[in-house]
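This report concerns only the one structure given below.
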Amino acid sequence: MKVIIDTDCGVDDALALAFLARSPEIDLLAALATFGNNQTFNTARNTRYVLDAFGKQDVPVYSGARAPFVRDYEHETSVHGETGLGYHTSPDEAAGRIQPGFAPSALLRILREADDQVTLLPVGPLTNIALALIEDADTMRAKVDRLVLMGGSTARGNMTPAAEANFWHDPEAASIVMKSGIPITMVGLDVTEKMKVPRSYVERLEGSEATAKEILGDALRFYSDFQLQASGFDGFVFHDALAAALLVRPDLCTLVPYHVEISLDFVATRGESLCDASGRFGEPNVDVAVDVDVNEALQFILGRVAPEVDVATDLADLAA
Ligand SMILES: [Ca+2]
């Protein structure tokens, strides 16, 4: 399966990249970087660095949008740390190995040159994807078989009571993508936040021989510190890697077709993903994940990212 990821590489994005790198079913053609969890120059550098750490030096990384369509980008470091990888900082030299060219244009070029259809995996704000649709929707519709994205929610948000962070950062871009006509699978916050892993896993990971354990350990320890402060749960919560896992194991989530509409109002609901099953707003345009087999998904994903560390013990402790 040919895949292009579009990422605002923070902590959970790093897990998604590690999962892709460790999945033989995935032929990762490129990674695009966007703003979101951090500024684009940091997320691009982080993406390059994490892919390198997992042996994917040959996958090109392109830097993309630095701000959303309408409002200014609001830079915030409490969730993913100063530069996006928690307590870890990717080295400056990684920035020198980012490809020249603007990510949306690079995406279109790769799609035009591809013999087969490509699956897109956006796990940050959808600005790059929307820009590519504005430039050449025909190529996008012809060459993209599906967008599997992390974003939105059928319930409450995390950026505001209404909006999940990826959609909140650029609601106009999310709206353009939802109306694109390309098949979409939406893995939203209300499902990904069920994927909880206790801190004991992070500690065992750091003591193991797992690949890139320093990067993942520093990142996940910061993520766990944030989570403890924010919600009282002493551990970390998955988001992006679940969307990545669905590429290989669509059975992990229960999917329901909805018509999804993004709130573009400059009021409290801005960025909300309204999931309508009644048909009042139109035909279903998105397959929305409404539930996940948590234990199976966590064991599948972490079993690939760090096979040296057995997560079953931590999950049993959590359930007890
Ligand atoms: Ca992300």
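The values are calculated or read from the model by the stated rules, or taken from the named source; none is laboratory data. What you are looking at is a predicted structure, and each value in this text was computed from that prediction instead of being measured. For neighbour counting, all protein chains shown are included, and Cβ atoms are generated from backbone atoms with ideal geometry for every residue, glycine included. Accessible surface areas use protein heavy atoms only, side chains included; no ligands, DNA or RNA. Shrake-Rupley method; radii C 1.70, N 1.55, O 1.52, S 1.80 Å.
The table for this structure:
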| item | result |
| --- | --- |
| Positive-end extreme of charge dipole, the chain - chosen from 154, 111, 126 (charges on Cβ) | 111 |
| Size of charge dipole - the chain - debye, nearest 20, with Cβ of Lys, Arg +1 and Asp, Glu -1, no other charges | 400 debye |
| Efficiency of FRET from Cβ geometry, residue 229 and residue 156, R₀ 25 Å, rounded to 0.05 | 0.85 |
| For residue 88, residues with placed amide H under 5 Å, excluding near neighbours | 219 |
| GNM flexibility winner over the chain from 267, 11, 286 (Cα, springs under 10 Å) | 267 |
| Per residue value of the accessible surface for the chain (all protein chains in place, 1.4 Å probe), Å² | 38 Å² |
| Estimated dipole of segment 92-250 in Debye, rounded to 20 [Cβ of Lys and Arg +1, of Asp and Glu -1, Cα centre] | 440 debye |
| Calculated from backbone phi, Karplus (6.51, -1.76, 1.60) coupling profile of segment 248-257 in Hz, x at Gly/Pro | 9, 10, x, 6, 5, 10, 8, 10, 10, x |
| Stokes-Einstein D in µm²/s, Kirkwood radius over Cα pairs - the chain at 25 °C with 0.890 mPa s viscosity | 128 µm²/s |
| Anisotropy class of segment 152-295 from Cα gyration tensor, a/c 1.5 cut | prolate |
| In range of the label at residue 251: residues from segment 117-149 whose backbone nitrogen is under 15 Å from the point 7 Å along Cα→Cβ | none |
| Burial ranking of peptide ranges 226-234, 155-163 (average Cβ count within 10 Å, highest at the top) | 155-163, 226-234 |
| Sequence ranges 115-122, 310-317, 57-64, ranked by mean other-Cβ count within 10 angstrom, highest first | 57-64, 115-122, 310-317 |
| Sequence-distant residues sharing a close amide H with residue 119 (under 5 Å, placed H) | 2, 3, 4, 145 |
| Charge dipole magnitude, Cβ of K and R +1, D and E -1 - segment 104-149, Cα centre, debye nearest 20 | 120 debye |
| Phi-based couplings in Hz for segment 109-122 (Karplus 6.51, -1.76, 1.60; Gly and Pro marked x) | 4, 4, 5, 5, 7, 6, 6, 9, 6, 10, 9, 9, 10, x |
| For the chain, calculated [θ]222 nm from helices alone, where every DSSP H run of n ≥ 4 adds -39500 (n - 2.57) | -11500 deg cm²/dmol |
| Rounded, prolate or oblate (a/c below 1.5 giving rounded, otherwise prolate when a/b exceeds b/c) for segment 1-59 by Cα gyration tensor | prolate |
| Local net charge near residue 157, Cβ-Cβ under 12 Å (Lys/Arg +1, Asp/Glu -1) | -2 |
| Probe 1.4 Å - accessible area at residue 208, Å² to nearest ten | 10 Å² |
| Largest-first ordering by accessible area, 1.4 Å probe, given options 176, 5 | 176, 5 |
| Residue 26 accessible area, 1.4 Å probe, all protein chains in place, Å² to nearest 10 | 10 Å² |
| Calculated FRET efficiency for the pair residue 277/residue 97, C-beta based, R₀ 51 Å, to 0.05 | 0.65 |
| Using distinct alpha-carbon pairs, which all enter the 1/r mean, Kirkwood radius of segment 246-309 in Å | 14.1 Å |
| For residue 288, distant residues with modelled amide H under 5 Å away | 186, 256, 258 |
| Selected from 247, 101, 171, residue furthest toward positive end of dipole (the chain; charges at beta carbon) | 101 |
